[in-house]
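The values are calculated or read from the model by the stated rules, or taken from the named source; none is laboratory data. Predicted model, so just to flag it, every value in this text is computed and none were measured. Virtual Cβ from ideal backbone geometry, glycine too; neighbours counted across all protein chains shown.
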Amino acid sequence: MTTDAEVVARKKELGARVREVRKTVDMTLKDFALHTGIPLQTLKNYERGTSMLGAKAASALAGVGVNTEWLLTGTGPMWQADLMRGVDDREVFLSVLRGGGVLFNKLRGIVDLVGLDEFARLTHIPAEKWHPILAGEANPPIDYLLAASAVAGTSLDYLVGASTEEESVFLARYRTATPEDRALLSSLLDRLLKAP
């Protein structure tokens, strides 16, 4: 069970990473909110550590090149494909920012594939917690997305719609999966490959 102190610490940790991204690209809060599509007040709350980073914000940041794994865990490079290696790369990053973010779109497909009860069992998150998320009434907390990506055997970047899935991560998880889980992953891949 997560304590209140742990939740507060997690909000501050994620907020510090959001602030680090913004400062790295040398933008004001207002400009960064405009370019990522994250509302200004929401962005302020993230940076202050008073709100938990939501799925839409993580997706928006992933859509402009931020490595979601780094954003959530602090490990790996800050940028997908190491975008910020030089001045030219900064311009590429800014042009991606101006193009808009990638929308989170795969969670419902995964739940449809395995069924809500099974999905809840696999993620260790009660089905009633998923209902408002799947109905579009609430954004999934990052911890829910981490659980969903583990169930799907995919990277969090892929789940929220950023660039490509790391094949090595999938293969490593597939090799250690039970036969039942392998069948589930194969079905999931078949469904995702047929998706537009």
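Yes/no matrix, rows are residues, columns are (1) at negative phi; (2) surrounded by 13 or more Cβ atoms within 10 Å (Cβ to Cβ); (3) of a type in the set (A, V, I, L, M):
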| position | (1), (2), (3) |
| --- | --- |
| LYS23 | yes, no, no |
| THR36 | yes, yes, no |
| THR50 | yes, no, no |
| LEU61 | yes, yes, yes |
| GLU69 | yes, yes, no |
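The residues in the stretch 38-48 that are acidic (Asp, Glu) and surrounded by fewer than 16 Cβ atoms within 10 Å (Cβ to Cβ) can be counted, and the count is 0. For the stretch 27-40, the count of residues that are out of contact with any His (no Cβ under 6 Å at 6 or more places or on another chain), under 21 Å from LEU146 (Cβ atoms) and modelled with pLDDT of 85 or more is nonzero. Considering only residues that are β-branched (Val, Ile, Thr) and either in the same structural domain as ALA57 (by TED's automatic domain parsing) or within 21 Å of THR178 (Cβ to Cβ) (or both), look in the stretch 116-150 and name the one that is modelled with the highest pLDDT. It comes out as ILE125. Here GLY65, GLY49 are screened, and the one residue that is of a type outside the set (Lys, Arg), in contact with a strand residue (DSSP E or B) (Cβ under 6 Å, 6 or more places away or on another chain) and outside the structural domain of ALA148 (by TED's automatic domain parsing) is GLY65.
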